[in-house]
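K.L.:
Got a structure here, written out as C-alpha cells. Questions coming.
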Amino acid sequence: MPPSFVGPASLETPDHGSRLVKQLDRVIIRFAGDSGDGMQLTGDRFTQESSVFGNDLVTLPNFPAEIRAPQGTLPGVSSFQVHFADHDILTAGDRPDVLVAMNPAALKANVGDLPKGAAIIVDTHDFTKRNLDKAGYAVNPLDLLGDANDPLGDFQVHTVDLTGMTVEAVKEYGLSRKDAARAKNMFALGLLSWMYGRPTEPTTTFLENKFKKSPDILGANLTAFKAGWNFGETTETFVVRYEIKPAKLPEGTYRNITGNLALSYGLIAAGVRSGLPVFLGSYPITPASDILHELSKHKSFGVTTLQAEDEIAGIGAAIGASFAGSLGVTTTSGPGVALKSEAVGLAVMTELPLLVIDVQRGGPSTGLPTKTEQADLLQAMYGRNGEAPVPIVAPQSPGDCFSAAVEAARIAITYRTPVMLLSDGYLANGSEPWLIPSVDDLPEIDPAFATAPNHASAKALAAAENGGDGEPDEFWPYLRDPETLARPWAIPGTAGLEHRIGGLEKGEGHGNISYDPANHDLMVRTRQAKIEAIAKSLPPLEVDDASGQAKVLVIGWGSTYGPIGAACRRVRRAGYHVAQTHLRHLNPFPADLGEILKGYDKVLVPEMNLGQLSKMLRAEFLVDAIGYNHVRGLPLKAAELAEAIGQLVGEAEGINVDLGEHGLNPPADHEEMPIQ
Amino acid sequence: MTYVISASCIDVKDRACVDECPVDCIYEGARMLYIQPDECVDCGACEPVCPVEAIFFEDDVPEETARFTRLNAEFFDDLGSPGGAANSNFADRDHPEIAAMPAQNGAHA
Amino acid sequence: MTTIDLGTPSLRSGTESVPAADGPQTGKEFTSDQEVRWCPGCGDYAVLKAVQSFLPGLGLRRENIVFVSGIGCSSRFPYYLDTYGMHSIHGRAPSIATGIATAREDLSVWVVTGDGDALSIGGNHLIHALRRNVNMTILLFNNRIYGLTKGQYSPTSEVGKVTKSTPMGSLDHPFNPVSLALGAEGSFVARTIDSDRKHLTAVLEAAAAHRGTSFVEIYQNCPIFNDNAFDAIKDSETKEHAIIPLVHGEPITFGTRDETTGLGDKALARSAGGGVEVVDTAAMPVEDLLVHDAHNEDPSTAFAISRLTDSGYLNRSPIGIFRQVQRPTYDDLARAQVNDAKTKATQAEGNDTDRLTQLLNAGDTWNVG
Ligand SMILES: Cc1ncc(C[n+]2csc(CCOP(=O)(O)OP(=O)(O)O)c2C)c(N)n1
Ligand code: SF4
Ligand SMILES: [Mg+2]
C-alpha cells in the first residue's frame, strides 16, 4: 500500500512508467536513527536538495545531549525533520507524514508523533533481539504487521533492509562491513530523493567535496546514494512518487541557512558596515558553539576569535576589545549568561558597545542542552545586580538571525551599551530558505569615535575672559549626546582624551568616581532613559489583522513566530478573526505597543516558558495578558495553539468556535496556506 | 608632591614619624627632621603621629612656614637621594637657614 | 587532530610596537587630577610613586598606555594615572587586558591586581593569561590580606592567621604567587618590594621590556589589616638575612657579606634530591654555588628557588627576576593569523564588502522570479 497523504491539494497522475505521480502541496519527513547513523547529514542533504528545487521549507534537527549515548537506545536517537512545500510555510510541522526509522529505538521514540496514515520506512536490518531489548520492545513490532494487534496498524509501513542492500551495493570498494554499513544513510537519502523527485546533483557535488581525499569512501557513498534511488525506481514496494512544486517566494537569490550561520554572518556584516573589527570572546557551549566555529573561519574580515578559559573571561576579553575600539561580542547559552552577568553590569556601567548572544536552551542549570526554550528572557532583562537595563533583541526565524545581529550591533554602537540577543536552540540549528540581502542595503553603523576634547575646563573658561579661545581642553567621558544620551567613545591611542572608566558609580559628565546620592539617582535614571530612548529609533510594530475585525491579539517573540503564524492561519481558515504581532525588541518595547494592546479585548502570549513576556506586558501595560506556555524543549505545535486561540476567540466574541480540521481534528492536522 | 616638616620640629625631633614612614625617607638633621621630597610617596603616615603638628602635605603648608618646602628640599641638594634613613647619618648638619635660627622656646620641656 | 606549525615570530621587545613619545615626559604628566585615597602609610603609595616616576622613562606615548585593574584597594591604581584605564570587576582584569592587548598591538597594557583579586576570584584568568603569554605586565600587590573588605585572610595569608573571618586561625595553605606563575609557565616572573624603589623600578623596566606576560609580585605592606607582614625583609637589621637576592649570572648568596668576596655567608646550591637548598657559603667550593640563570628554558630551578619563600610569617624570601625567557605571545600570533588571512583574501577577492557579498551568496543558491 502506498502512503496516502491527506491534504487539500493532492492530485494523482501516472508518470511515464506505470507509477502514479501524486501532487502534494507539502510534506513533512522525519529521518530518525542512532546518533551514529548520520541522520543530521541525511536531513541536511535532503533539505539542500529541496531548497535548490525551489520549495519553501523549515527544518527541525533534534539530537541527544550526549555525543554518543549508548548505541541503539532511546536516548541515543537523533532525528531531523524537514517540512517542504509549494507555498510559504512557517514551521517544521507538528507531525511527520513520513518517518524513516533506522533502528527499533528510532521507531519507538518517534512513532508517537505520527498522525494516522503516516508512512514509515524501516530499516529492518537492526531489528535484532538485542536492539529490540535496548529499545524496550518485548516483541518485534515488525513481526506483528497486519495482525489484529498490530501496534503499527494505523500506518503504512514499508520494511526495507537498507543496511543489507547498502553493504551489497558497495561491495566493490572492499570496505569493512562496518564502514560499508555506514553508507546506509546515503541509501536512505537516495530512496527518499527518488520518491520526492529531488535533484541529485547537489548531493553528488557535496559528497565529492567532502570525501575528496578518500576515494573508497566517496565511491561507497555515491554508490549507496544511487543504489537507493534505483531501488525506488525498480522495486514494487513503492508504487507512488510525489511531486511538490516549487514555492512562489518573493523574487531574489536564496540559500538555505541555519540560525547560527545567519547570526555569524550578521556579526561579520555588522563589522563590515561599522568598519569595526569584530572581536569574539567565547567559551564553548551547546547550542552556541557553532557561532564560535563559524566566526573562527572568517579572520579575513578582521574577525578575531578568542576561546577563553571560561564564560567570564570570554565577555571580559570582549569588553576589553570594545574599550580598545573593536565590536566586542560574546556568544553563549543560558548557563553562560548567568556567569557573565557581573561583566554585563560592568559594560552597562562603563557604557561600552557589546553584543551578548544567548542561544537559549532548556534550563535551569545544565537542563536540556540540545533542546530549545525561551526561559532566559527575564534573565536577560533583570539578571544583574542593581538597575542595569540592557536592550534585548530577538530573531524570529533562522534567516532572521542575520538582520537581528546587525540590529543588535546598531543599537550597541549607537547607544554605547551591551545588547542581549536572544536566539534559541531551534533557531540555531533549524533552517529555512533565506533571501540573501544586498550588502549595500544593510544599515550603515557609525562608531563616531571621539577625536577631540569636549569640555572647557575652568582654566580655559577663565583664560577666555582674558582673550583665550575658551575652546574645550579636556575630555569628559560621560558628557552625553542629548538625542541618544550616548556617551562619547574615545579609544586608547587618541591623544588628549586619556580617561579612566570603571564599575564604580561615576559623576555625570566628568566621569570621576562619585558617591553622591543625588548623582547616583541621576545616573541610574539616565542609564535607564538612554535605553528607553532607543524606542524612538524603532519602526512601528506591524500587526497582521487582515480583516480588521479581530478581538484577540496573539503576541510573541523569538522562534515562536512560525508556530504562532501557522496557528493564526488555521484559525482564519476556519473562518475566525485573530490578529498577530511579533516583537523583535523586548527592551525597550516599541513605542506603539501599548496602544496596540489596548485595541484588543484579549491578548494571548504563547511562549516556551512559564510566561515571561506575559509578566513583562502585564507589568508595563497593565494588560491582562494570557499565557500559552509549553516548556517541552520543542517548538510549539501549531494545531494545539490554534485550538487555544480558537477558544479565546470564542470567549472574546461570545461565540462557539470549532476549528474542525483546522485544529486538532482529523483529517487535516497540517500547517495551512495563508488566505491570500 | 611631598610632605614637608616645618618649624615646630626644630629642636623637638620626636622621631615618631620616622618609625611610621614606610619608605624611610625622613632624615635626621642636627636640629630638625627633613623629608626627602623625591623619596616621599605622599602616603601621609607621618602627619598624624607628629606630636607638634609639624608635618604638612606640600599643598597645605601654612603660609607663614611656606619656605620649609624649600628648606626640606634644599637639605638634600648635596646629599641627593640617599635611599633610606636607616643607613645614613646626617645628624651633624642642618640647612644653613635652620642652623641660624634661634633656639625654640621650651624645646626640651 | 592535526596541529599546524605556526612558525616562530620574530622576538621583539614588549613595547616595540607602541608609538614613542614626541619628547621627554615627566611624572607629573602621568599623574591624574584624582585625589589618592589609600590609608596613610599604605604600601600602594610607594608603588604608585615608583610607577609614576618610571613611566616617563619608558618613552611611550601616554595615550597608548592602558592600565586595567580588578577590585581591591590596590585596584584603585588606574584612577591615579593619566593614561587610559579601566577599573573593572573583581578578578577579571587579566581577561579584559587580554582583549585589549589582542585587539591592539600599539598599546602598552598593564594589569594591577591584589592577592585576593588575582589568586582567589581571578585565579583562573591569571594562570590562563600566563599560559597564553599575552603581551602585558601584571603587577600583583601582595599584602597577604583582603584590604578593601577590611581584613579577611587571603590566599597568601599564612596558616593560622587570625582575622575577622578566621577567629581561631585560618586553615588553608597559602599560594606562593611566584611558584604558581612558574607552574603556569609564565615567561617573566619576578618579585619585588613596595618600599625598595630602586629594585621595584629595575624590575618594572625589565618587565616592560619583556614581550609576553610579565608577572611581578610586589610585597606590599597593609598598615591597617596586616601591618609588619614584611618587616623581616624591610628592616635594615634583618633584611640581609631575609632576602635571597636573585641576579642573573651571579651566584645566589645572602646573609652577612664578606667584604672581599662580596658573597653572603649563606648560599644556594643544588640539593641531593634535585632541588635547591641553603648552604653555608664557606662550606662549599665557590664553583658549586648555584648561579642564577633567569634565562633557563626549564623552569624547574626557578621553581625550586621560589620554594625557599616562607609560607608562614615571612622571614625569608627570594627577591628578583626568577625567570625571563622568550616564548611567542598569544596576541602576536592571533594578529598574525588575522592579518595573514585578511591580506590574502583582499588580494584575491577584493574588499570586505565584495567578499561579504560573495560569502552570503556562497553554497547552494537558487533564484526566484
Ligand atoms: C564579585 C565580588 N565579590 C566580592 C567583592 C568584595 N571584594 C572587594 S575587594 C575584595 C578582596 C580584595 O583583596 P585583594 O585582592 O587582596 O586586594 P587589596 O584590597 O588587599 O589590595 C573583595 C572580597 C567584590 N567586589 N566583588
Ligand atoms: S608622607 Fe609617607 S612617605 Fe612621605 S614622609 Fe610621610 S610617611 Fe614618609
Ligand atoms: Mg590584598
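A short reminder: the numbers here are calculations on the coordinates, not readings from a lab. As the structure is a prediction and not an experimental result, all values here were calculated from the model. Because the Cβ atoms are built from the backbone with ideal geometry, glycine has one as well, and the counts that use them run over all protein chains shown.
K.L.:
Using DSSP to define loop residues, name the trypsin sites (Lys or Arg not before Pro) in the range A:208-282 whose beta-carbon has at most 15 other beta-carbon atoms within 10 Å.
P.N.:
A:212, A:213, A:248
K.L.:
Here is a further query. Please report, for the Cα atoms of the range A:592-647, the Rg to one decimal and the Dmax as a whole number; what are they, in angstrom?
P.N.:
That works out to 11.9, 33 Å for Rg and Dmax.
K.L.:
For a label point 7 Å from the Cα of residue B:52 along Cα→C-beta, name the residues of the range B:1-26 whose backbone N is under 16 Å from it.
P.N.:
It comes to B:4-18, nothing else.
K.L.:
Considering only C-alpha atoms, what is the centroid distance from the range C:72-130 to the range A:343-364, in Å?
P.N.:
20
K.L.:
So what are the radius of gyration and Dmax for the Cα set of chain A, in Å?
P.N.:
So, for chain A, Rg and Dmax equal 28.0, 107 Å respectively.
K.L.:
Run through every distinct alpha carbon pair of chain C and return the Kirkwood hydrodynamic radius in angstroms, one decimal place. Before the final figure, lay out the partial values.
P.N.:
On the way: mean 1/r = 0.0451 Å⁻¹.
Computed over Cα pairs of chain C, the Kirkwood hydrodynamic radius comes out at 22.2 Å.
K.L.:
If you average the sequence gap of Cα pairs under 8 Å that are 6 or more apart and divide by the length of the range A:214-325, what percent do you get for the contact order?
P.N.:
Values: 78 pairs, mean separation 24.3, N = 112.
Averaging sequence separation for qualifying contacts and normalising by length gives 22 percent for the range A:214-325.
K.L.:
Can you tell me how the range B:3-91 classifies by the Cα gyration tensor, rounded, prolate or oblate, using a/c under 1.5 as the rounded cut? Write down the numbers at each step before the final one.
P.N.:
On the way: a/c = 1.32, a/b = 1.21, b/c = 1.09.
Rounded.
K.L.:
Magnitude of the Cβ-charge dipole of the range A:543-662, K/R +1 and D/E -1, about the Cα centre, nearest 20 debye?
P.N.:
Working: 12 positive and 14 negative charges, 60 e Å.
The calculation lands at about 280 debye.
K.L.:
Still on this structure: Share of antiparallel DSSP beta bridges in the range A:12-243, in percent to the nearest 5?
P.N.:
Details: 19 of 36 bridges.
Of all bridge pairs located within the range A:12-243, approximately 55 percent are antiparallel.
K.L.:
Based on the alpha-carbon gyration tensor of the range C:1-88 and its eigenvalue square roots a ≥ b ≥ c, which shape applies: rounded if a/c is under 1.5, prolate if not and a/b is larger than b/c, or oblate? All intermediate terms of the calculation are to be shown ahead of the outcome.
P.N.:
Details: a/c = 2.81, a/b = 1.59, b/c = 1.77.
It is oblate, given that a/c is not under 1.5 and a/b is not larger than b/c.
K.L.:
Under the rule of -39500 (n - 2.57) per DSSP H run of 4 or more residues, summed and divided by the residues of chain A, what mean residue ellipticity at 222 nm is obtained, to the nearest 500 deg cm²/dmol? Numbers along the way, then the final one.
P.N.:
Values: 21 runs with 237 residues, N = 676.
So the helix-based figure for chain A works out to -10500 deg cm²/dmol.
K.L.:
Report ³J(HN,Hα) in whole Hz for each residue of the range C:260-266, in order, from the Karplus equation J = 6.51 cos²θ - 1.76 cosθ + 1.60 where θ = phi - 60°; Gly and Pro get x.
P.N.:
Coupling constants for the range C:260-266: 7, 7, x, 8, x, 7, 10 Hz.
K.L.:
Continuing with the same structure: Run the numbers for residue C:238 and residue C:287: contour at 0.36 nm per residue of separation, minus the present Cα-Cα distance, in nm.
P.N.:
Working: separation 49, 0.36 × 49 = 17.64 nm, distance 2.72 nm.
So the extension gain works out to 14.9 nm.
K.L.:
Restricting to Cα pairs below 8 Å that are 6+ residues apart, what does the relative contact order work out to for the range A:458-520? Please round to a whole percent.
P.N.:
Details: 72 pairs, mean separation 15.7, N = 63.
For the range A:458-520, the relative contact order is 25 percent.
K.L.:
Right, next: Taking Cβ-Cβ under 4.7 Å as the only way to count a partner, pick out the unpartnered cysteines of chain B.
P.N.:
Those would be B:9, B:21, B:25, B:40, B:43, B:50, since no other cysteine Cβ in chain B comes under 4.7 Å of theirs.
K.L.:
Right, something else. I need the shape label for the range A:12-243. Rule: rounded when a/c is under 1.5, else prolate if a/b > b/c, else oblate, with a, b, c from the alpha carbon gyration tensor.
P.N.:
On the way: a/c = 1.31, a/b = 1.03, b/c = 1.27.
It is rounded, given that a/c, with a ≥ b ≥ c, falls under 1.5.
K.L.:
Also, I was wondering about something else. Antiparallel versus total DSSP beta bridges in the protein assembly as shown: what percent is that, nearest 5?
P.N.:
Working: 61 of 145 bridges.
Antiparallel: roughly 40 percent of the beta bridges in the protein assembly as shown.
K.L.:
Once amide H atoms are built 1.01 Å from N in the peptide plane, which residues 5 or more positions from residue A:368, or in another chain, come under 5 Å H to H?
P.N.:
A:362, A:363
K.L.:
With θ taken as phi - 60° and the coefficients 6.51, -1.76 and 1.60, list the Karplus ³J(HN,Hα) couplings across the range A:324-330 in order, rounded to whole Hz; mark glycine and proline as x.
P.N.:
These are the phi-based 3J(HN,Hα) values: 7, x, 9, 8, x, 9, 9 Hz.
K.L.:
Provide the percentage of antiparallel DSSP beta bridges, counting only those with both residues in chain A; round to the nearest 5.
P.N.:
Working: 33 of 83 bridges.
Counting DSSP beta bridges with both partners in chain A, the antiparallel share is about 40 percent.
K.L.:
Please identify, among C:149, C:15, C:301, the residue showing maximal mean-square fluctuation in a Gaussian network model of chain C using a 10 angstrom Cα cutoff.
P.N.:
C:149
K.L.:
Hey, another quick one. Which of C:239/C:266; C:49/C:198; C:161/C:198; A:108/A:134; A:171/A:226 have a Cα-Cα distance over 20 Å?
P.N.:
Working: C:239/C:266 13 Å; C:49/C:198 12 Å; C:161/C:198 31 Å; A:108/A:134 11 Å; A:171/A:226 14 Å.
Checking Cα-Cα distances, C:161/C:198 exceed 20 Å.
K.L.:
Once amide H atoms are built 1.01 Å from N in the peptide plane, which residues 5 or more positions from residue C:293, or in another chain, come under 5 Å H to H?
P.N.:
For residue C:293, the qualifying residues are C:249.
K.L.:
What is the distance in Å between the Cα centroid of the range A:274-299 and that of the range A:437-461?
P.N.:
26
K.L.:
Another one. If you take the Cα Rg of the range A:543-662 and divide it by 2.2 N^0.38 Å, with N the number of residues, what do you get?
P.N.:
Values: Rg = 13.2 Å, N = 120, 2.2 N^0.38 = 13.6 Å.
Working it through for the range A:543-662, the quotient is 0.98.
K.L.:
For residue A:632 and residue C:168, what is the calculated FRET efficiency with R₀ set at 60 Å and r taken between the beta-carbons, to the nearest 0.05?
P.N.:
My answer for the efficiency is 0.70.
K.L.:
Another question about this same structure. What pairs from A:129/A:178; A:178/A:297; C:28/C:150; A:506/C:28; B:13/C:28 go past 21 Å between their alpha carbons? Walk me through the numbers before you get to the answer.
P.N.:
Numbers: A:129/A:178 19 Å; A:178/A:297 33 Å; C:28/C:150 31 Å; A:506/C:28 24 Å; B:13/C:28 32 Å.
Beyond 21 Å between Cα atoms: A:178/A:297; C:28/C:150; A:506/C:28; B:13/C:28.
K.L.:
OK, next. Can you tell me which of C:324, C:358, C:34 moves the most in a GNM of chain C? Springs connect C-alpha atoms under 10 Å apart.
P.N.:
The residue with the greatest mean-square fluctuation here is C:358.
K.L.:
Kindly write out, for the range A:347-355 in residue order, the coupling ³J(HN,Hα) from the Karplus curve 6.51 cos²θ - 1.76 cosθ + 1.60 (θ = phi - 60°), rounded to whole Hz, with x marking Gly and Pro.
P.N.:
Going residue by residue, I get 5, 5, 6, 7, 6, 10, x, 6, 10 Hz, with x marking Gly and Pro.
K.L.:
Can you tell me the convex hull volume per residue for the range A:458-520, based on C-alpha atoms, in Å³ to the nearest whole number? Mind dumping the intermediate values first?
P.N.:
Numbers: hull volume 7.8 nm³, N = 63.
Measuring per residue, one finds 124 Å³ for the Cα hull of the range A:458-520.
K.L.:
Right, another one. Compute, for the range B:3-91, the length of the dipole vector about the Cα centre, with Cβ point charges of +1 (Lys, Arg) and -1 (Asp, Glu) only. Units Debye, rounded to 20.
P.N.:
Numbers: 5 positive and 19 negative charges, 65 e Å.
That gives the range B:3-91 a dipole magnitude of about 320 debye.
K.L.:
Oh, and also: Pull up all non-local amide H partners of residue A:243: gap of 5 or more, or a different chain, and H-to-H distance under 5 Å with H placed in the peptide plane.
P.N.:
So residue A:243 has HN proximity to A:22, A:23, A:24.
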